[in-house]
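Peer 1: Right, I'll just put the structure down here and ask away after.
The values are calculated or read from the model by the stated rules, or taken from the named source; none is laboratory data. Keep in mind it's a predicted model, so treat the numbers as computed, not measured. For neighbour counting, all protein chains shown are included, and Cβ atoms are generated from backbone atoms with ideal geometry for every residue, glycine included. Note: areas computed on protein heavy atoms with side chains; ligands, DNA, RNA excluded. Shrake-Rupley method; radii C 1.70, N 1.55, O 1.52, S 1.80 Å.
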Amino acid sequence: MTQQSLHKRENKLAQSNKQLDILSSGIFENGELPTFKAKTSESNAFPIIAKPVEILQINVGYMCNQVCEHCHVDAGPDRKETMTRETMQQCLDIIKTTAAHTLDLTGGAPEMNPNFRWFVEEASKAGVKDFIVRSNLTIIRANKKYHDLPEFFKKHNIHVVSSMPHWTKGKTDKQRGEGVFNQSIQALKDLNAVGYGMPNSTLKLDLVYNPSGAFLPANQSAMEKDFKKALLEDFDIQFHNLFAITNLPISRFLDYLIASENYEDYMYALVEAYNPQAVKSVMCINTLSISWNGYLYDCDFNQMLELPVNSKVKHISEYNEDLLTGREIITSQHCYGCTAGSGSSCQGSVA
């Protein structure tokens with residue numbers, strides 16, 4: 001289990017240009033595999049063009065109480081990048097005027113941003129249709145000051161989307177760290193206790209699964225049934241939906257693939273599983289990703305690779321929805337992860 005971020009260890013893959021070099025060289029450079037641009041061109045899906053923004057996904061900081069093996073953000077306790085209240089205010093100004101119907105807060109552990117509660121309170125007044133907070137669950141149990149988060153989420157009708165790699169202790173702790181499973185189970189019980197995830201409850205609780213190794217996720221609906229059955233029988237825990245997300249070959253997962261000598265095999269698997277139908281529903285088409293320092297990206301993954309939007313508008317302070325709509329989405333080989341099999345997005349399968 002990684003105890004420090006790539007950033008802290010000064011691993012070369014902490015540098016986005018090194019990741020992009022790997023993704024554009026070797027089997028893609030010598031023609032063994034087609035580049036994402038070539039593959040999408042074959043199916044008349046290139047370029048991918050952005051539609052009007054429906055989802056604003058805001059990363060409020062890379063600090064996290066966990067250091068997960070496959071984290072594409074390379075988050076951890078040693079990451080200090082944190083969105084300021086000033087940048088949050090700029091986001092709020094946009095939230096109040098945009099036609100976007102979903103606000104999606106992510107991190108790191110977004111709850112660790114010192115202005116997190118203020119931001120939620122202010123943003124909830126804007127009346128977005130779906131207000132998501134992506135929680136790693138363990139943060140709820142990490143410190144007494146977080147124990148009331150379930151009540152806080154309930155007060156603001158937050159849609160909680162939580163990481164849960166598996167319904168067993170072994171697989172969860174292997175990917176997330178020792179003790180994560182037990183803390184996650186307790187956090188889910190705390191959420192259930194205030195009404196989250198219960199049948200017919202408007203307090204939405206969804207779980208996120210991502211594979212523990214160099215393979216693609218199984219069928220999402222089948223996995224959801226297995227998760228629901230196991231968590232209910234073993235722990236009397238309920239939730240609404242399971243999102244199965246493919247691990248993208250960037251950051252710590254790319255480091256894992258290379259270290260385990262699985263990189264080429266994994267890229268072959270992604271390319272062979274390419275689904276033209278999934279391209280039509282990739283999240284970047286209607287989502288805008290905002291970094292902790294206010295810069296704009298097509299998605300959270302492009303944010304981590306430092307691939308900004310292809311627009312005159314680069315920062316939240318100069319936000320212009322008309323200029324952002326119709327832009328060409330920036331792609332590279334990591335995008336195969338969102339178009340393999342049933343497709344993958346922050347909301348799970350797309351096709």
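Peer 1: Can you give the % of DSSP beta bridges in the chain that are antiparallel, to the nearest 5?
Peer 2: 25
Peer 1: For the range 294-348, which trypsin sites (Lys or Arg not before Pro) are in a loop by DSSP, counting at most 10 other Cβ atoms within 10 Å?
Peer 2: Sites meeting the loop and neighbour criteria: 312.
Peer 1: Give the separation of the Cα centroids, the range 1-21 to the range 146-196, in Å.
Peer 2: 28
Peer 1: For all pairs of alpha-carbon atoms in the range 223-277, what percent lies in each bin of width 5 Å, listed from the first bin to the last filled one?
Peer 2: The calculated distribution, bin by bin, is 4, 16, 16, 13, 12, 14, 16, 8, 0.
Peer 1: If each residue of separation counts as 0.36 nm, what is the full-extension length gain between residue 171 and residue 86 once their alpha-carbon separation is subtracted?
Peer 2: 26.6 nm
Peer 1: Hey, any idea what % of the chain's accessible area is carbon plus sulfur with a 1.4 Å probe?
Peer 2: Carbon-and-sulfur percentage of accessible area, whole number: 48.
Peer 1: Moving to a separate point now. Distances over 13 Å make up what percent of all Cα-Cα pairs in the range 6-49?
Peer 2: Values: 599 of 946 pairs.
Cα-Cα pairs of the range 6-49 separated by over 13 Å account for 63 percent.
Peer 1: So for the chain, averaging the separation of alpha carbon pairs under 8 Å that are six or more residues apart and normalising by length, what relative contact order in percent results?
Peer 2: Details: 686 pairs, mean separation 80.1, N = 351.
It comes to 23 percent, rounded to a whole number.
Peer 1: Continuing with this model, one more query. Across the chain, where is the longest run that never hits GluC sites (Glu not before Pro) in a DSSP loop with at most 13 other C-beta atoms within 10 Å?
Peer 2: Between the exposed loop sites, the longest stretch runs 33-177.
Peer 1: How large are Rg and Dmax for the range 240-351 when only the alpha carbon atoms are used, in Å?
Peer 2: 14.9, 45
Peer 1: Heavy-atom accessible area per residue, the range 265-351, 1.4 Å probe: how many Å²? Present the calculation step by step, with values, prior to reporting the outcome.
Peer 2: Numbers: 3080 Å² over 87 residues.
In whole numbers, the range 265-351 has 35 Å² accessible per residue.
Peer 1: Output the Cα-based Rg and Dmax of the range 94-212 in Å, rounding Rg to one decimal and Dmax to a whole number.
Peer 2: When restricted to Cα atoms, the range 94-212 yields Rg and Dmax of 14.5, 46 Å.
Peer 1: Moving on. Mind giving me the FRET efficiency for residue 3 and residue 154? R0 is 56 Å, r the Cβ-Cβ distance, nearest 0.05 is fine.
Peer 2: 0.95
Peer 1: Another question, if that's okay. Given the Cα-Cα distance of residue 230 and residue 143 and 0.36 nm per residue of separation, how much length would full extension add, in nm?
Peer 2: The span from residue 230 to residue 143 would gain 28.5 nm if fully extended.
Peer 1: Tell me which chymotrypsin sites (Phe, Trp or Tyr not before Pro) from the range 273-351 have a DSSP coil assignment and no more than 14 other beta carbons within 10 Å of their own.
Peer 2: none
Peer 1: Total Lys pairs in the range 116-198 closer than 26 Å by alpha-carbon, pairs eight or more apart in sequence or interchain only?
Peer 2: Counting lysine pairs in the range 116-198 gives 20.
Peer 1: Computed over the Cα atoms of the chain, what is the ratio Rg over Rh, Rh following Kirkwood?
Peer 2: Dividing the radius of gyration by the Kirkwood radius yields 0.94.
Peer 1: Within the range 50-66, list the residues whose amide N lies under 13 Å from a label point set 7 Å along Cα→Cβ of residue 310.
Peer 2: 50-51
Peer 1: Let me ask something else. Please report, in whole Å, how far the alpha carbons of the range 1-150 spread along each principal axis, starting with the longest.
Peer 2: 54, 40, 25
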